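One structure is given below, encoded as C-alpha cells.
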Amino acid sequence: MRNWLTGLRGLRRYPSLVAGIVVIAMFIGVSIYTVIAIPYSQAIALWRGGPEVTATNPKNAAPVWFDLFTSDKLPRTIIVDSAAGAGTRTEQALGNGTKQVNITLPFQYAYDRFPKDLRLYTQVTNAEDSVSATVSWLTPDGRTIVLQENRSIRGSDVYYISQDEALRAQLSGVAPQVGLLANPQNRSKALEGNYELILTAQVPQAATLDSRLVVYGTVYGLAGTDYRGRDLMVPLLWGAPIAIIFGVLAAVGTGVLTFFLSAIGTWLGGKVDTAFQWITQVNLIIPVLPVLILVGHFYSRSIWTMLGLVIALSIFGSTMLTNRAMFLQAKEAPYIEAAQAYGAKNFRIIFRYLSPRIAPTLLPQFVLIVPTFVFLEATLAVLGLGDPVLPTWGKVLDDAYMEGALYKGYYYWFLEPAILLTILGVGFSLIGYSLDRVFNPRLRSV
Amino acid sequence: MRGTIIRLARMAATRGLFLFLAVVVGVYLTVVIANMGGELDKVRTAQIRERVGLSILLNPVNRQLPPEQLRELVDTEVQNELHRLGMDQPFFPKRSFTYLWNAMTLQLGWAERMTSDAGSRTVQLILVERLPFTLALFGTANLLLFFLTLFIALFLSRRYGSFLDKVTIALAPSSSAPGWFYGLFLILIFAAVFRVLPWGGLVDAPIPSTTLGYGLSVAKHMILPTTAVVMSTFFASIYAWRTFFLIYSSEDYVELARAKGLSSSNVDMRYVLRPTLPPIITNFLLVLITMWMGQIVLETVFQWPGLGRVFYQAIQLSDTPVIIGVIVIFGYLLAVTVFALDFVYAIVDPRVRIGVGGERR
C-alpha cells in the first residue's frame with residue numbers, strides 16, 4: 001500500500017502523465033455511462049434514423065449552447081400535439097351524419113429568430129373518403145391568416161407549411177416560416193407571443209381527427225443534429241467506447257505480438273530472422289490502408305473485420321523494423337555475451353535479458369500507437385468505409401465532409417467529432433510521451 | 001577492396017531478388033483481392049452478355065431470326081467475346097497469373113471504366129497523368145519535413161530544457177492525427193472562415209493562360225495540403241530525433257570531442273549526426289511509407305488529382321486494372337527506395353556488417 005502511495009506521489013513529477021490519465025479516465029467514464037444509458041440496440045436504431053426517430057428533429061440544427069454566443073434567442077423545436085392533450089378541441093354535430101371538428105393548437109413563441117420549418121401532421125381515422133379541412137394561423141397581435149382552405153386529408157397527412165408556394169405568394173414572397181412569425185414593425189425579427197393554429201374540418205360522426213404542429217427550431221440538444229435530423233449526441237457518445245476499444249485492441253494486438261516476434265527473430269537469427277524479415281518486407285510493400293480499402297469495398301466493412309485485418313497486417317509492419325534495429329544493438333551488449341558464456345538458454349536470454357532491456361523503451365510506443373488506430377477508424381469512415389451500422393466519430397466526420405458542412409457553415413458538425421478525436425488522441429499521446437520520459441531515464445538526466 | 005566490391009555485388013543481387021519477390025507477392029495478393037478471388041468475373045460476364053445481347057437484338061438484320069436461333073447466336077457471340085478477353089480460362093491459376101505477369105512487366109492494359117483526363121482509357125496514361133502531381137505534393141512536403149525537423153531537432157538538442165525545447169516537446173502529441181485531419185481544420189480556417197486560400201483542387205478556374213500564372217496558382221493550391229502533411233508529423237519527428245541526438249550526445253566519445261575543444265558544429269556533424277544517421281534514415285523511410293498510404297485520404301479531402309485519388313476512385317468503380325496498376329507502381333517505387341536504403345545503411349553504419357548482419361556470432 002505504501003509503495004503504491006509513493007508511486008502515485010512520484011507521478012506528480014509528470015503533470016502531463018496525470019493530465020493524460022485524467023483525460024483517458026474521463027473518456028472511459030463517458031463510455032461506461034453511454035453503454036448503460038443508451039443500450040446498443042437503441043443506439044443503432046437512433047443512428048439508423050428514419051421518420052419514426054427523426055420526424056420531429058430539425059435538420060442541421062446547431063447545439064443549444066449556440067445561444068451563448070448570439071444576442072438573439074435561438075428557437076427550440078416546439079411540438080403541439082392534440083393527441084397528447086394539448087390545445088383545445090370542439091366538436092359540433094351537424095346533420096347528415098357528420099360533425100365539425102375544430103382543433104386549436106396554441107404555442108408560445110419566445111425567440112428572436114425564425115424557425116427552420118413548419119409542419120402540420122394530421123391523422124384521420126374511421127373516415128372512408130377524404131375529409132376537407134381549413135387551416136388558419138392566429139398571430140399574437142390578433143391577425144388571422146388562412147393558410148389553406150379545403151385541404152383534402154386522407155389517412156395521415158403532412159402539410160409542409162414552409163413549402164406552400166401559394167402561401168408564400170400570399171405573404172408577398174417571404175418564406176412562410178418567416179412571414180407567419182415576422183414582427184410587422186421589424187420584419188427581420190420574430191414577433192414573440194402566443195400563436196395559434198386552427199384546424200377546422202368536417203368529418204364523419206365516427207371519425208377521429210388529431211393534429212400535431214411542429215415548429216422546427218434552429219438549435220437542438222447539446223450536440224445539434226445532422227442533415228437527416230439525427231441527434232449528434234448519439235454518435236458523439238457512442239463514438240467514445242468504439243474508438244477506445246478499436247484503438248486499444250489494435251495497439252495491444254500488434255504491439256505485443258510484434259515485440260516478441262522481433263525479439264525471437266533477432267535473437268535466433270538465421271532462418272527465423274530471414275523469414276521474419278521476408279514477411280516484413282512483403283508486408284511493407286502491401287500498405288495497410290489500400291488493402292483495408294480494397295477489402296472494405298469488395299468484402300466487408302464491419303469494424304471487427306477491419307480490426308482483425310489491421311492487426312494481421314501490422315504485426316509484420318514498420319514497427320518490426322524499428323524493434324529489430326533496437327534488438328540488434330541490444331544483443332551486442334556485453335552482458336548478453338556474459339549470459340551466453342554461463343550457458344543461458346535462448347528462451348531465458350530472450351525473455352529475461354533482451355526483452356526487459358528493450359521493453360521500457362518500447363512501452364511508450366504501445367501507448368503512442370493507440371491514437372494512430374483511433375484515427376485509422378476515422379480515416380476509413382471518411383473514405384466511406386466506416387462500419388455500416390455503428391455510430392462513430394469517423395462517420396459523423398464523413399457525413400459532415402460529404403454534405404459540405406464546412407462550405408455551408410455548419411462548423412459544429414465537423415468540429416464536435418474532430419475535437420473529441422483530438423482530445424482522445426492527445427490524451428493517449430500525453431501518457432505515451434510522459435512514459436517515454438519515465439522509462440528512458442537518460443532523457444531525464446541529460 | 002576487391003572483396004568489398006564482390007560482397008556488395010552479392011548483397012545487391014540477393015537483396016534485389018528478395019525485394020522483387022516481395023513485390024510479386026504483394027501484387028499477386030492485390031490481384032486476388034481486387035478480383036474478389038475471381039468472383040468479379042461473374043459480374044464482368046454478365047456485363048458482356050448484356051452488351052453483346054443488346055448489340056445483337058438491336059441489329060435489324062437479326063429481327064427475323066426465330067428465338068432459339070437468336071439465343072444461340074447470343075451464346076456463341078458471348079463465348080467469342082469471353083475468349084477474346086481470355087475470360088474463358090479459370091481465374092485460378094491461369095488468369096490470375098496472367099494478370100500478375102502483365103502487371104509485373106508493366107503492361108497495365110486498359111481501364112474498365114475510368115478514363116484519363118485527356119480521354120485515354122489506357123491505365124498507363126491514367127497513372128502517368130497523375131504521377132507528377134503526387135510527386136510534386138509529397139516530394140515538397142517530405143523534403144521540407146525531413147530537413148526542417150532534422151536541423152530543428154539538432155538545434156534543440158543543444159538547448160535541452162530551454163523554453164523553446166519545452167514548447168516543442170509539449171506539442172509532440174499533435175502528431176497523432178493524420179494529415180487529412182489537419183487538412184480539414186486548415187480548410188475550415190483558411191477557406192471557410194477567412195476565404196484566403198482555395199478549398200482544394202489543382203488550379204484556379206478558369207485556368208491561368210500564362211505558365212507563370214499557372215505555376216503560381218498550383219503553388220497556391222499546394223499550400224494547405226503541404227502544410228497539412230508537414231503538421232501531421234512535424235513535432236513528433238523533431239521529438240524523435242531530438243531524443244536520438246540527446247542519447248548520442250551524452251556518449252563518452254562526444255564528451256571527449258568536446259573536451260578536445262572541437263567547435264560545436266563540428267561535434268554535431270561528426271560526432272552526433274554521423275552515428276545517428278541509420279535510425280534517422282529508417283525513420284524517414286517509414287514516414288515515406290505512411291505518407292504513401294495517408295495520401296489517399298489527403299488527396300481526396302483536397303481534391304488533389306494524384307495517384308492516391310485515382311486509387312480511391314478506381315476502388316469505388318471496381319476498376320481492377322487501375323487498382324493493380326497503382327499497386328504495382330507503388331510496389332516498385334517502394335522496392336527501389338528500400339533497395340537504395342540498404343546501401344545507404346551499409347555505408348553510414350559500419351556496425352551493420354555486410355553479409356553477417358542477421359546472424360548470431
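Table for the structure above
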{"read-out": "Distance (nanometres) between label positions extended 7 Å along Cα→Cβ at A:Ser41 and A:Arg143", "value": "5.1 nm"}
{"read-out": "Nearest-0.05 FRET efficiency for B:Phe92 and B:Leu58, computed from C-beta distance (R0 51 Å)", "value": "0.90"}
{"read-out": "Tensor-based shape of chain B (alpha-carbon gyration tensor, a/c under 1.5 rounded, otherwise prolate or oblate)", "value": "oblate"}
{"read-out": "For segment A:135-230, with +1 on Lys and Arg beta carbons and -1 on Asp and Glu, the positive-most of A:Ala190, A:Gly224, A:Ser136 along the dipole", "value": "A:Gly224"}
{"read-out": "Top positive-direction residue, dipole computed over the protein assembly as shown with Cβ charges, set A:Ile153, A:Val101, B:Ser249", "value": "B:Ser249"}
{"read-out": "Helix axis angle, B:123-158 relative to chain B longest principal axis, alpha carbon, degrees", "value": "10 degrees"}
{"read-out": "Rounded, prolate or oblate (a/c below 1.5 giving rounded, otherwise prolate when a/b exceeds b/c) for chain A by Cα gyration tensor", "value": "prolate"}
{"read-out": "Pairwise FRET efficiency - B:Glu255 versus A:Leu11, Cβ, R0 = 22 Å, nearest 0.05", "value": "0.10"}
{"read-out": "Residue mean of other protein chain beta carbons inside 10 Å, B:174-186", "value": "6"}
{"read-out": "Pairwise label distance in nanometres, B:Ile5 with B:Gln303, each label 7 Å out on the Cα-Cβ vector", "value": "5.7 nm"}
{"read-out": "Largest-first ellipsoid semi-axes for the protein assembly as shown, taking √(5λ) over the Cα gyration tensor eigenvalues, angstrom", "value": "59, 38, 25"}
{"read-out": "Relative contact order of chain A, defined on C-alpha pairs under 8 angstrom at six or more residues apart (%)", "value": "21 percent"}
{"read-out": "Hits among lysines - C-alpha to C-alpha of A:Lys189 under 16 Å, sequence gap 8 or more where chains match", "value": "A:Lys73, A:Lys116"}
{"read-out": "Burial ranking of peptide ranges B:263-272, A:366-375 (average Cβ count within 10 Å, highest at the top)", "value": "A:366-375, B:263-272"}
{"read-out": "Backbone N within segment A:166-189 under 11 Å of label point (7 Å from A:Phe107 Cα along the Cβ vector)", "value": "none"}
{"read-out": "Global geometry of segment A:113-242, whether rounded, prolate or oblate, following the gyration tensor of its Cα atoms and the 1.5 cut on a/c", "value": "oblate"}
{"read-out": "Exposure proxy order (Cβ contacts within 10 Å, fewest to most) of A:Lys116, A:Lys99, B:Lys42, A:Lys331", "value": "B:Lys42, A:Lys99, A:Lys116, A:Lys331"}
{"read-out": "Gaussian network model of chain B, springs between alpha carbon atoms under 10 Å - residue of B:Glu129, B:Glu72, B:Glu112 with greatest fluctuation", "value": "B:Glu72"}
{"read-out": "Violating pairs (Cα-Cα greater than 25 angstrom) within the set A:Lys59/B:Lys220; A:Lys395/B:Lys220; A:Lys59/A:Lys395", "value": "A:Lys59/B:Lys220; A:Lys395/B:Lys220"}
{"read-out": "Nearest-0.05 FRET efficiency for A:Gln185 and A:Ala84, computed from C-beta distance (R0 41 Å)", "value": "0.75"}
{"read-out": "Number of partner chain Cβ atoms within 10 Å, mean per residue of A:313-320", "value": "1"}
{"read-out": "C-alpha center-to-center spacing [segment A:354-402, segment A:36-79] in angstrom", "value": "27 Å"}
{"read-out": "Residues A:Val389, B:Val27, A:Val295, sorted so that the one with the fewest Cβ neighbours within 10 Å comes first", "value": "A:Val389, A:Val295, B:Val27"}
{"read-out": "Range in chain A, longest, excluding exposed GluC sites (Glu not before Pro) [loop by DSSP; at most 12 other beta-carbon atoms within 10 Å]", "value": "A:129-331"}
{"read-out": "Loop-located trypsin sites (Lys or Arg not before Pro) in segment A:4-48, at most 11 other Cβ atoms within 10 Å (DSSP)", "value": "A:Arg12"}
{"read-out": "Fluctuation leader among B:Ser175, B:Ser318, B:Ser162 - chain B, Gaussian network, Cα springs under 10 angstrom", "value": "B:Ser162"}
{"read-out": "Peptides ranked, highest mean first, by Cβ atoms within 10 Å: ranges A:82-89, A:71-78", "value": "A:71-78, A:82-89"}
{"read-out": "Set of lysines with alpha-carbon distance to A:Lys331 below 22 Å, sequence-local pairs under 8 removed", "value": "A:Lys271, A:Lys345"}
{"read-out": "Peptide B:21-34 - average C-beta neighbours from other chains (10 Å radius)", "value": "4"}
{"read-out": "Spatially proximal lysines relative to B:Lys42 (Cα-Cα < 28 Å; intrachain offsets below 8 disregarded)", "value": "B:Lys94"}
{"read-out": "Computed magnitude of the charge dipole of the protein assembly as shown (debye, nearest 20; Cβ of K, R +1, Cβ of D, E -1)", "value": "3420 debye"}
{"read-out": "Computed [θ] at 222 nm, deg cm²/dmol, chain A (DSSP H ≥ 4; -39,500 (n - 2.57); rounded to nearest 500)", "value": "-16500 deg cm²/dmol"}
{"read-out": "GNM result for chain A, Cα springs below 10 Å: residue of A:Ala93, A:Ala312, A:Ala263 fluctuating most strongly", "value": "A:Ala93"}
{"read-out": "Label zone at A:Gln123, where the point sits 7 Å out along the Cα-to-Cβ direction: segment A:146-160 residues whose backbone N lies under 19 Å", "value": "A:153-160"}
{"read-out": "Distance (nanometres) between label positions extended 7 Å along Cα→Cβ at B:Thr122 and A:Tyr299", "value": "3.5 nm"}
{"read-out": "Which of B:Ala22, B:Leu8, B:Asn35, positive extreme of dipole for segment B:1-57 (C-beta unit charges)", "value": "B:Leu8"}
{"read-out": "In segment A:167-266, the trypsin sites (Lys or Arg not before Pro) that fall in loop regions by DSSP, at most 13 other Cβ within 10 Å", "value": "A:Arg187"}
{"read-out": "Segment A:288-446: radius of gyration over Cα atoms, expressed as a fraction of 2.2 N^0.38 Å", "value": "1.39"}
{"read-out": "DSSP H segments from chain A that extend 27 Å or more along their own axis, Cα-based, with Kyte-Doolittle mean of 0.5 or above", "value": "A:15-37, A:233-268, A:355-382, A:411-439"}
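Readers should treat all values here as calculations from the given coordinates under stated rules, not as data from a laboratory. Just so it is clear, the structure is predicted and the values come from calculations on it, not from any experiment. Cβ: placed from backbone, ideal geometry, glycine included. Neighbour counts: every protein chain shown.
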